[in-house]
Structures are given as C-alpha cells and as structure tokens.
Amino acid sequence: MLRRILFIAANTFRETIRNKILYAILAFALFVIGMTFFLADLSVGDFARIIADVGLASIHIFGVIMAVFLGINLISNEVDRKTIYILLSKPVRRFEFIFGKTLGLSVTLLLTTLAMATVLFLVHLSYRYGGRAEVGIFIASAGIYMELVLLTCLASLFSTFTTSVLSAIFTLSLFLVGHLTDYLYVLGEQSKVAAVRWGSVFLFYLLPNLENFNWKNEVVYGGLKSFSILGWAAGYLAAYAACVLCLSCLLFARKDFK
Amino acid sequence: MTNSGRIIAIEGLTKSYPTGFWRIPFCVLSDLTCDVHENEIVGFLGPNGAGKTTTIKILNRLAFPDAGKVTLFGGQVRDGADVRRRIGFMPEQPYFYEYLTGGEFLRLCGQLCGMSRADTESRSSKLLARVGLSESRDTAIRKYSKGMMQRLGLAQALLHDPELVILDEPMSGLDPMGRMEVRGIIRDLKAGGKTVFFSSHILTDVEALCDRVIMLHKGRKVAEGRVEELIGTETLYIELVVSPILPADRLASAGIPPEAGYAQGPLHVLRAPDNGQANRWMAALLREGCSVHSCVPVKKRLEEIFMERVGGSAASGAAS
C-alpha cells in the first residue's frame, strides 16, 4: 500500500515539476523576494525588518497561489482528462490515489518554499546595513509550508466533488476565513445569545485556524529563535489534514466516473 | 480457476445516472445478466448509448451499480488489489499523462501492478515492439497520434500479463494495419489461455474474432450467444455472377426478373431467392450463351443480426 502511495506521489511530483506555470510563479516569487534587497533602501527605519516582513509575505502569497492553483487541479484534472481510468483499474485503492496525489504536491511545495526561504535568507544575510543570518526565516517558512499543506488537502477535498473554479473559490475562502477564526471566537464570547456563543465555538473548531502557522511577526521583531514552536503546529496540521483527507477519501470512494 | 470457469458473472445489473438540474435518474443499464467464460473472446455490441461503456466501467470499479451483482474470478468486484492484478483494462480513447514518455508510463503501470523493475522493462520492450511503438518509447506522450495512444493503451493493459483483458473499443482510431495487428494480438491472447472481453462497433472484427457476442440496446440485453448460433444456417439468397451483361428483355425471356440483378463492371450479379431458382436461372443463362463465374449461397452476417435485434428492440421500445 505504502509503495503504491509513494509511486503515485512520485508521479504527481514529476507532473508538477514539469508544469511550466509553476516555474513562472516561482520565478516571479524569487524575483519579488530578491527585490526586497532594494526595497529596504527606499524605506525608513529597520531595513532588515523590512526585508523579512516583505519577503515572508511574498513567500506566503506566492505559496498560496501555487498550493491553490496546483491543488484544485490535483484530482479534477485526472478525472477530466480520464487518466484516472487507467490508474484506478490497476491494483490501486482510491484512498491510496488521494494520499499519493496530496503527498506528491506537498513535496513540490516543500521544495518551492525552501527555495524562496533560502533566497530570502541570503538577501537578509547580505544586506549591507545590519544584515544577519536570520534562522527565524526558515522557522516562519516552515509555518507557511504547513499552511500550504493544509490548503492543498482542502483544495483536493473540494476537487473530489466540484469544478476547478468552485474548488479555487472554496479554498481561497477558507484561506481568508482561516486567518480570522480567532476573531470569530472573540465575537462569540462577546455575544449574550447562547446559540451564537455555541455556534461561534463550533465554527472556531470546525474551520482551519491558519494563524496557528503564522510566526511572521515574531521573526520580524526578532522573537522567534527556536524550532520547538513547530511541534504544536505540526500536531495541529497532522490532525486537521487527517480529517480532511479522510473526508476526501469517503467522498471519493463511491464516486462514479461518467 | 473459478467455479464453472466463469471469469465474469453479471447478474441483474442496473445503473442510472442523475441528469439535469433536478437530477432525474436516467437508466443506462437495466437488469443485465450475462457471463464470460475462461479462454473465451466475447464481443460486447450495441449502438452508442447502449450501456457498453457503463458496464465496462462497473467491471473496473470506475462506476458502481444501483442494483445487481458483478463477480470477477468468483469474487466480488470490490475485492480490490488481488483481483485487479489479474485484469488488464484499456478504456475507450485512452488518455495518458502527457508529460511522460511511453516508456515512463509503462514503468509507472508496472510499479502500480507490483512488478519488479526488470520484469517491467522486459515486458515493456516486448509489448512496445508488439504494438509497433518501440521507436517511440522515449517520445513524450503529448506527441503521440491517436493511433499511437490506442497502441500504448493496449500495451499498458497487457503489461502485467493479466488473465482477463477488458478492452473498450480497441479498434477505434486505428488504421487498417493497426486493426489487423490488434486482431492478431487478441487471437494471440486467446491462444495463450487468456480471456478477452471487448466492446466494438466494427462488426466484421467482432464476427471474425469472437467466440460469443452479447448485444445491448438501451441498457437491455437483446441477444447473447455464439456467433455461429446467432448467424444460423439460413441462406439469404444465392448470388450468381455471370458475363456478359444481359439486357432486360433477354433476362425476361430467360425467365429472370430484371430487378433481380445489377451490373458490376463487365459482370452481371444476380440474386436468386433459393436453390431451385438458382438452378433454373443458371440453366437459362447458359442457354443464352453466358459464362457463370461463381454461384455462392449468401448467409446472414452479424451486421444483419445486429440490425434486426437492435431495430426490433427500438421498435418495441417505441411501441411501449
């Protein structure tokens, strides 16, 4: 079973790295991150902080674009192009297909995030006014990567039952809501209506809390030095992603291909 | 080996798909019961929309029936990996990962079927040579023509040396040479002890290849049996080929209705309704100084049977 998942993952990885659009997005992302070197010159104040701030935001935005763009097509392309017919007629179970596809894309996102983080790290290191080796860039990028993996799982969930366009809308909506769930909780606490309080708590736990992966401010203000913070976030990712993938597998298990 | 040698057993298979905004069920298969025995070549016939591809998808777990049971090798179709290893499937107009080469795609198929690298390489080389794609092994699939895709589809279906081969329209998109090669491959599979179940619109191929045929129309089975049983022994007419071409008045004077024949180049082709007439006509034609080139009894072909069954079914469907 594991071997088949790995073979599908390897093929998905090969599919994504042979996708020219991925390279176009990555090249533009690296260009923008590289340009923070000059952006800092134009700003007033803590130059290195500007580099980290804008650079991490760029990694985040371009990472989300890659995850959503590739994630929504992960399953639906296979169904639309009917390549899934041959794959599923082999001794491959449907859940192995879902897990393999998600794993393959996660590896691609790992490499692209690592490339962007490395460029940002080098820009930060080589900046002439107060440049330093900021290991926090990699820690914050690890958080961004975990968020991208979760978004990939959500995109693949949506692509099991709806079109690419709707999958993109749903995933981007959850991306936005996922960064605002703390406010939802606070909103519920302030309400005097029990139903609203319970409803907000329910939604708080149901929706993905993407702020669990957000340590950009800590890096910018120099407060993040230890990789130990990754543990809790990794646990949250594992639990949430497992639930999303299981739901995907359930929806996909009895899907008819017309 | 399975109970009573049945490789595929389909009982009461019913399937409908929701259509339109209100998702009203549209029945594509209705109470289909049929089977395929070991080492048979079985043709699955029917016009477009008859339910052939749906049945084949159900056999390959790509769709699920509303009712009925499908048993492969004596076990339920959902039994999964072990059963899948014994089946080779080629979908209609197969699509592949365009970013892979033909060789890379077969390697992926071999990996998914649990084959060793050495086995995959040797089987791939043999099969690519067999389907005429050896030189395109390292060419990206996006550069393949429709016929090449069809050939690659056949190669991937046979890669893991399956006992049962299910082919959905294997001849479509192939040139006459390609069709002949596929016919040869199907015959070789039978000679190698395999079972082949394939759908096709090309009735001459089905007639030439199949031990048995199953005909579907509007989701229902309209005929099933051995080709020779369906065709029967009944003679449709006796075809006489004579020369020179006789004018209508000479034919009439010889007692042959002019509308019974037509000119074909320098020859005159006549269709006698039975043996007695054929003998009388032949004697008369010889008296008129004609040469008789051939005298052949023409029997029903699968095409006529197909048109009868499908046409009859369509008419009864319309009446009901």
Subject >> Exclusive hit being touching a helix residue (DSSP H, G or I) at 6+ places or on another chain (Cβ under 9 Å), without any contact (Cβ under 8 Å) to a residue 40 or more places away in the chain and within 24 Å of B:ARG85 (Cβ to Cβ), set B:LEU154, B:LEU158, B:LEU167, B:LEU128 >> reply: B:LEU128
**OP:** State which residue pairs qualify: first residue at the interface with chain B (Cβ under 7 Å from one of its Cβ atoms) and inside the range A:66-92, second residue surrounded by fewer than 22 Cβ atoms within 10 Å (Cβ to Cβ) and of a type in the set (Asp, Glu) in any location, beta carbons under 8 Å apart, and separation of 6 or more residues or different chains.
**Re:** A:PRO91/B:ASP82
**OP:** Please specify each residue of the range A:22-55 satisfying the condition of being at pLDDT 85 or above and buried (at least 22 other Cβ atoms within 10 Å of the Cβ).
**Re:** A:ALA29, A:ILE33, A:GLY55
Subject >> Selection count, the range B:83-97, where residues are in contact with a Ser or Thr (Cβ under 8 Å, 6 or more places away or on another chain) and either under 14 Å from B:GLU169 (Cα atoms) or surrounded by fewer than 19 Cβ atoms within 10 Å (Cβ to Cβ) (or both) >> reply: 5
Original post:
Can you name the condition, by its number, that A:LYS192 falls short on among (1) under 21 Å from the mean Cα position of the chain (by Cα); (2) in a loop (DSSP other than H, G, I, E, B)?
Top reply: (1)
Subject >> In the range B:49-68, residue farthest from the other protein chains (Cβ to nearest Cβ) [restricted to those that are farther than 16 Å from B:ILE166 by Cβ and in contact (Cβ under 8 Å) with a residue 60 or more places away in the chain] >> reply: B:ALA50
Subject >> Members of the range B:84-105 that are of a type in the set (A, V, I, L, M) and closer than 28 Å to B:HIS201 by Cα >> reply: B:ILE87, B:MET90
Subject >> Single condition B:ARG84 does not satisfy, out of (1) touching a residue at least 60 places away in the same chain (Cβ under 8 Å); (2) facing chain A (nearest Cβ under 9 Å) >> reply: (1)
**OP:** Take the residues in the range B:87-101 that are part of a loop (DSSP other than H, G, I, E, B), within 27 Å of the chain's Cα centre (by Cα) and not hydroxyl-bearing (Ser, Thr, Tyr), then tell me which one is nearest to the other protein chains (Cβ to nearest Cβ).
**Re:** B:PRO91
Original post:
Given the conditions (1) under 17 Å from A:LEU110 (Cα atoms); (2) surrounded by fewer than 18 Cβ atoms within 10 Å (Cβ to Cβ), which single one is not true for A:SER58?
Top reply: (2)
Original post:
What is the one condition in (1) facing chain A (nearest Cβ under 10 Å); (2) in contact with a strand residue (DSSP E or B) (Cβ under 6 Å, 6 or more places away or on another chain); (3) at pLDDT below 90 that B:VAL77 does not satisfy?
Top reply: (1)
Subject >> Top-ranked residue in the range B:128-146 [being of a type in the set (Val, Ile, Thr) and touching a strand residue (DSSP E or B) at 6+ places or on another chain (Cβ under 9 Å); ranked as nearest to the other protein chains (Cβ to nearest Cβ)] >> reply: B:ILE141
Original post:
When residues of the range B:102-122 are filtered for being more than 11 Å from every other protein chain (Cβ to nearest Cβ) and not in a helix (DSSP H, G or I), how many remain?
Top reply: 1
Subject >> Count of the range B:246-305 residues which are part of a loop (DSSP other than H, G, I, E, B), small (Gly, Ala, Ser) and either free of Cβ contacts under 8 Å to residues at least 24 places away in the same chain or closer than 27 Å to B:ALA208 by Cβ (or both) >> reply: 2
Original post:
For the subset of the range B:242-266 comprising residues that are small (Gly, Ala, Ser), in contact with a Phe, Trp or Tyr (Cβ under 9 Å, 6 or more places away or on another chain) and surrounded by 14 or more Cβ atoms within 10 Å (Cβ to Cβ), which member is nearest to B:CYS290 (Cα to Cα)?
Top reply: B:ALA254
**OP:** For the range A:246-257, indicate whether the set of residues that are within 18 Å of the chain's Cα centre (by Cα), surrounded by 17 or more Cβ atoms within 10 Å (Cβ to Cβ), modelled with pLDDT of 85 or more and outside any helix (DSSP H, G or I) is non-empty.
**Re:** no
**OP:** Could you list, in sequence order, all residues of the range B:189-220 that are of a type outside the set (Ser, Thr, Tyr) and within 23 Å of B:ASP31 (Cβ to Cβ)?
**Re:** B:PHE197, B:PHE198, B:ARG212, B:VAL213, B:ILE214, B:MET215, B:LEU216, B:HIS217, B:LYS218, B:GLY219, B:ARG220
Subject >> Residue satisfying condition, being farther than 23 Å from A:THR16 by Cβ and either crowded, with 17+ Cβ neighbours inside 10 Å or within 12 Å of the chain's Cα centre (by Cα) (or both), within set A:TYR127, A:TYR145 >> reply: A:TYR127
Subject >> Unique residue being touching a strand residue (DSSP E or B) at 6+ places or on another chain (Cβ under 7 Å) and basic (Lys, Arg) when the list is B:ARG271, B:ARG280, B:ARG287, B:ARG250 >> reply: B:ARG271
**OP:** May I ask you to list pairs of residues, at least six apart or on different chains, whose Cβ atoms are under 9 Å apart, with the first in the range B:201-214 being among the basic types (Lys, Arg) and the second being part of a strand (DSSP E or B) and surrounded by fewer than 16 Cβ atoms within 10 Å (Cβ to Cβ)?
**Re:** B:ARG212/B:GLY225; B:ARG212/B:ARG226
Subject >> Elements of type strands (runs of 3 or more DSSP E) contained in the range B:14-81, each with 2 or more residues being surrounded by fewer than 20 Cβ atoms within 10 Å (Cβ to Cβ) >> reply: B:24-37, B:67-72
**OP:** With the condition kept exactly as written, say whether any residue in the range B:51-66 is assigned by TED's automatic domain parsing to the domain that holds B:HIS160 and on the phi > 0 side of the Ramachandran plot.
**Re:** yes
**OP:** For A:ARG81, work out the one condition from (1) under 24 Å from the mean Cα position of the chain (by Cα); (2) surrounded by fewer than 18 Cβ atoms within 10 Å (Cβ to Cβ) it doesn't fulfil.
**Re:** (1)
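Conditions (1) surrounded by 14 or more Cβ atoms within 10 Å (Cβ to Cβ); (2) over 18 Å from A:LEU74 (Cβ atoms); (3) modelled with pLDDT of 90 or more, marked per residue:
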{"residue": "A:VAL177", "(1), (2), (3)": "yes, yes, yes"}
{"residue": "A:GLY188", "(1), (2), (3)": "yes, yes, no"}
{"residue": "A:LEU203", "(1), (2), (3)": "yes, yes, yes"}
{"residue": "A:LYS216", "(1), (2), (3)": "yes, yes, no"}
{"residue": "A:VAL219", "(1), (2), (3)": "yes, yes, no"}
{"residue": "A:GLY222", "(1), (2), (3)": "yes, yes, no"}
{"residue": "A:LYS225", "(1), (2), (3)": "no, yes, no"}
{"residue": "A:ALA241", "(1), (2), (3)": "yes, no, yes"}
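The values are calculated or read from the model by the stated rules, or taken from the named source; none is laboratory data. Every value quoted in this text rests on a predicted model; they were computed, and no experiment measured them. With ideal geometry, Cβ positions are generated from the backbone for all residues, glycine too; neighbour counts draw on all protein chains shown.
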